[in-house]
1. Test of understanding: among G47, G83, which residue is at pLDDT below 95 and under 22 Å from L16 (Cβ atoms)?
2. Just one of the numbered conditions (1) of a type in the set (S, T, N, Q); (2) open to solvent by 50 Å² or more (accessible area, probe 1.4 Å); (3) out of contact with any strand residue (DSSP E or B) (no Cβ under 6 Å at 6 or more places or on another chain) is not true of T130; which one?
3. If L186 satisfies every condition in (1) of a type in the set (A, V, I, L, M); (2) within 30 Å of L89 (Cα to Cα); (3) in contact (Cβ under 8 Å) with a residue 24 or more places away in the chain; (4) surrounded by fewer than 15 Cβ atoms within 10 Å (Cβ to Cβ) but one, which is the exception?
4. Only residues in segment 98-116 that are within 19 Å of D88 (Cβ to Cβ) count as the first member; pair them with residues that are open to solvent by less than 50 Å² (accessible area, probe 1.4 Å) and aromatic (F, W, Y), Cβ under 6 angstrom, at least 6 apart or cross-chain, and list the lot.
5. Please work out which one of (1) open to solvent by 30 Å² or more (accessible area, probe 1.4 Å); (2) within 26 Å of L157 (Cβ to Cβ); (3) at pLDDT 90 or above is the condition S35 fails and give its number.
6. May I ask you to verify whether E146 is within 23 Å of I70 (Cβ to Cβ) and among the acidic types (D, E)?
7. Restricting the search to segment 50-97, which residues are acidic (D, E) and free of Cβ contacts under 8 Å to residues at least 24 places away in the same chain?
8. Just to be sure I understand, how many residues within segment 91-126 are in contact with a helix residue (DSSP H, G or I) (Cβ under 9 Å, 6 or more places away or on another chain), part of a helix (DSSP H, G or I) and surrounded by fewer than 19 Cβ atoms within 10 Å (Cβ to Cβ)?
Amino acid sequence: LLSGGKDSVFAAMQCLASGHTIAAFANLHPMAGASDELDSFCFQTVGHDVLAEYTALTGIPIFRRPFQGIAMKDSLQYTETEGDEVEDLFALLQQVQQALPAVNAVCSGAIASNYQRLRVENVAKRMQWTSLAPLWMRDPWEYMEELMELPQWECVLVKCAAYGLDPSKNVGKPLNAIMLEKIRRLTSRIPDL
């Protein structure tokens, strides 16, 4: 699964490093005429417009499907629910399976969201695939520092949806030591829930 964001790209790199082959990219994107920034509970849509570049750079085909970003079932455990955005993921991966029957796994950039991980696992199980989540439960600070040390990477904030990060001041800024320290300070102000 590729959103175009750092987590999905890095997860794909981790799968390659573990000996897996990437047969295809798969992406859910907003429907024509909809905002590029859906408020999906599970899938990132900001930046979806750059995904053709990944295919051009790698030669890996991409399968895409529009979706509305609506969670009909928002409890932690997911069961098949008509109209839910997860069913769009299922339909997308069925397209991949029909075109590339040898595919037997799906990789996601899930790090700490059980909500997201369990939904991808649900779809993978129904597909009789393995769900790969190489970033699962990584320490977020170590992970961010590792990203900043990659010489070929420059991560840029494309969306701010967190307390204390003003989009007008932070979108477009690189993820660097200064930004990471700002995020650490903001995080330290949030009480444990």
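The values are calculated or read from the model by the stated rules, or taken from the named source; none is laboratory data. None of these values were measured; they are calculated from a predicted model. Neighbour counts are summed over all protein chains in view; Cβ atoms, including those assigned to glycine, are modelled from backbone coordinates with ideal geometry. Side chains are part of the model used for accessible areas, which takes the heavy atoms of the whole protein and leaves out ligands, DNA and RNA. Shrake-Rupley method; radii C 1.70, N 1.55, O 1.52, S 1.80 Å.
1. Working: G83 fails: under 22 Å from L16 (Cβ atoms).
The match here is G47.
2. It fails just one condition, (3).
3. Status for L186: all satisfied but (2).
4. Final answer for the pair search is V106/W129.
5. (3)
6. Working: within 23 Å of I70 (Cβ to Cβ): no; among the acidic types (D, E): yes.
So E146 does not fit the description; no.
7. Taking segment 50-97 as the starting set, the residues that turn out to be acidic (D, E) are 53, 74, 80, 82, 84-85, 87-88.
Hits for segment 50-97 are E53, E82, D84, E87.
8. Within segment 91-126, residues that are in contact with a helix residue (DSSP H, G or I) (Cβ under 9 Å, 6 or more places away or on another chain), part of a helix (DSSP H, G or I) and surrounded by fewer than 19 Cβ atoms within 10 Å (Cβ to Cβ) number 4.
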